[in-house]
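So the structure is just underneath, and the comments pick up after that.
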Amino acid sequence: MKNVAYYNGKMGLQEELTIPFLDRAMFFGDGVYDATYSANRKIFEKDWHLERFYNSLKAVKIPFKLSKEELLAELQKCIDAMDSDGVCFVYWEVTRGTAPRNHLFPDVEPNLIINITESKLTDLRTPCKLITEEDTRFFHCNIKTLNLLPSVLGSQKAFEAGAKEVVFHRGERVTECAHTNVNIIKNGVYITPPLDELILPGVTRRHYISLCQKLGIPYEERVFTLDELFDADEVFITSAGTLGLAACEIDGKKVGGKATDLLRKLQKAAVEDFERETGYKANII
C-alpha cells in the first residue's frame, strides 16, 4: 500500500479508513501517542519510543492491554504492508475508547490507531531559523497527549515568519519547541533542559546524551535562559526525524556557528547510529 491506516486491527488506506464519531479523541483529545521513523522496514529506537508511550498511558490511566511486544508486532505488520523499503513515518496512538460524551472515564476498551506514511529525515546540512514565544501550554508537557493545539498555533506562527520552529519559554526559562527539543552548546558542553513536567522526554535528546557519554563530551541537563540561548556557541533542535539541526537565526538575530566541529561530530554519530540500526544510508550530512 502507498500508506497504511489501522484502527483496532482493521487496515486500509488513510483515504478509506474511518474512526467512530464517539471516539473520545474527537471530544476530549483523550489519548496519547508516539512516533518515530523506520527504514528498510526496521523501526529506529523502538524500545525508547515504546517506553515513553507506555509511560504516557500510565500517566493518564488508559488501561491498554497489549504488551510492548504485541504492539510492536502490530506496528511491524503495518510497516510490512507498505510498498516502500525507504524512510517511513511511524505514528501510533491509543484513545480511551468509544463511548457517549461524558467527562468520566467510560468502562470500554481503548482504541489503537496506527498511521504509516513515506517520509524523509531532516537534511542537517542547512541551518534553520527559529522564533521564540511564551510557553502558555499546560503543565503536563512530559505526557505525549493528543492535545497539541498550542503547538499547532506555534508552528503556524513560525511558518508565517519564515522559520522552521518556535522555541517556547516560560519567562526567561527555555523549555522546548512545538515538535522538537531545543539544545545548546557552550564552551564545549552540550546543554539540554532537564526532564520535568514542562518538556517532553525526547528520544533523540536522550540519544545525544548517550553520544556525549560515548564520545567523552561534557554535558549538562539543566535549565537555561533566553539570554543563554542567544549567546550559545550552537543552538540545535532534535526529534525522531531531526537528528540535530543547527539554528542560524532566532527572532531575526544571528546565533550559533561557533562550535560547528563539535556539533558535526555529534550529528555524524547520530546519523551513523540510525544507519547502523536500520541498514539505511541517510544522505543528510
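The values are calculated or read from the model by the stated rules, or taken from the named source; none is laboratory data. All values reported here derive from a predicted model rather than from experimental measurement. All Cβ positions, even for glycine, are placed from backbone atoms using ideal geometry, and neighbour counts span all protein chains on display.
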Breaking point among (1) closer than 20 Å to VAL255 by Cα; (2) of a type in the set (A, V, I, L, M, F, W, C); (3) within 15 Å of the chain's Cα centre (by Cα), for LEU226: (3)
Criterion (touching an Asp or Glu at 6+ places or on another chain (Cβ under 9 Å) and among the aliphatic types (A, V, I, L, M)) met by exactly one of VAL94, VAL108, VAL87: VAL87
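What residue, of GLU74, GLU93, GLU118, is surrounded by fewer than 19 Cβ atoms within 10 Å (Cβ to Cβ) and within 26 Å of GLY244 (Cα to Cα)?
GLU118
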Strands (runs of 3 or more DSSP E) completely within the range 54-164 that count 3 or more residues being of a type in the set (A, V, I, L, M) and not assigned by TED's automatic domain parsing to the domain that holds VAL174: 111-118
Search result, residues across the range 165-185 that are charged (D, E, K, R), surrounded by fewer than 24 Cβ atoms within 10 Å (Cβ to Cβ) and assigned to a strand (DSSP E or B): ARG170, ARG173
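Just to check your reading of the model, which residue among SER56, SER38, SER67 is surrounded by fewer than 16 Cβ atoms within 10 Å (Cβ to Cβ), of a type in the set (Ser, Thr, Tyr) and modelled with pLDDT of 95 or more?
SER67
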